[in-house]
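Structure, as structure tokens:
Computed from the coordinates by the stated procedures, all read-outs in this text should not be read as laboratory data. Here the structure is a predicted model, which is why all the values come from computation and not from measurement. Positions of Cβ are backbone-derived with ideal geometry, glycine not excepted, and every protein chain shown enters the neighbour counts.
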């Protein structure tokens, strides 16, 4: 496979399409973030990277809290809108018809239509250049009961989650395998090679 070398750049795909909610007192906002991920399992930690010039930056800096709302195919249009417009000029929650509800632990709202929300409390702000990283503890996870089976197991494949890759949005599709499938042992056939019908 022939490859070309480019100078270092922010090219990683796919990445989540995250609708981040935040608030500081009466002010609340929603904005779109692609620079996010999990950085630690125990304690559970995540991050979002935000330009200091963004309206939501000051809200998060003041409150020390935010919520990462996972985006579905139904929420992609709102996510795109919220990534283009600023909360300093537009009430994006109202404009996009996004219903909010109180979070279970933090003080900012969460999106009612997001199937999974990570409630986050900032532990550190790291200036990195164009963006500052808000490193945060995940203090609660809100999960839509429709994604749980009778045993309480999460079936995230039912959510219709979206991803972002180099300027385009995609709905997650066909399953390719489960964790560990490459090293899993194959099931043995019954003795005699016969199969029951």
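Taking 0.36 nm per residue of separation and subtracting the Cα-Cα distance, full extension of the segment from residue 174 to residue 99 would add 24.0 nm. Let a ≥ b ≥ c be the square roots of the eigenvalues of the Cα gyration tensor of region 54-144; is it rounded (a/c under 1.5), or, if not, prolate (a/b larger than b/c) or oblate? Cα axes put region 54-144 in the oblate bin. Packing order of peptides 78-88, 163-173, highest average first: 78-88, 163-173 (average count of other Cβ atoms within 10 Å over each peptide's residues).
Per the Debye calculation on the chain with a single equal scatterer at every Cα and no solvent contribution, log₁₀ I(q)/I(0) for q = 0.09, 0.13, 0.14 Å⁻¹ amounts to -0.41, -0.75, -0.85. With a ≥ b ≥ c taken as the square roots of the eigenvalues of the C-alpha gyration tensor of region 72-116, please select rounded if a/c is under 1.5 and otherwise prolate if a/b is larger than b/c or oblate if it is not? Since a/c reaches 1.5 but b/c is at least a/b, the shape of region 72-116 is classed as oblate.
Label zone (residue 53, point 7 Å along Cα-to-C-beta; backbone nitrogen cut-off 14 Å) within region 74-101: 86. Compared with the alpha-carbon gap, the fully stretched path from residue 139 to residue 91 is longer by 14.6 nm at 0.36 nm per residue.
In terms of other Cβ atoms within 10 Å, 111, 156, 70, 135 run from fewest to most in the order 156, 135, 70, 111.
Comparing 41, 117, 32, which has the greatest mean-square fluctuation in the GNM of the chain with Cα pairs linked when under 10 Å apart? Among 41, 117, 32, the largest GNM mean-square fluctuation belongs to 41.
GNM on the chain, alpha-carbon springs under 10 angstrom: the most fluctuating residue among 91, 29, 69 is 91. Listed from fewest to most Cβ neighbours within 10 Å, the set 155, 131 follows the order 155, 131. Indicate the gyration tensor shape class of region 36-91 (rounded, prolate or oblate), computed on the Cα atoms with a ≥ b ≥ c the square roots of the eigenvalues: a/c under 1.5 is rounded; otherwise a/b larger than b/c is prolate and the rest oblate. Cα axes put region 36-91 in the oblate bin.
Going 7 Å from the Cα of residue 61 toward and past its Cβ, which residues in region 114-151 have a backbone nitrogen under 12 Å from where you end up? In region 114-151, the label zone of residue 61 (backbone N under 12 Å from the point 7 Å along Cα→Cβ) covers 125-127, 132-133.
Springs join every pair of Cα atoms under 10 Å in this Gaussian network model of the chain, and among 178, 37, 107 the largest mean-square fluctuation is at 178.
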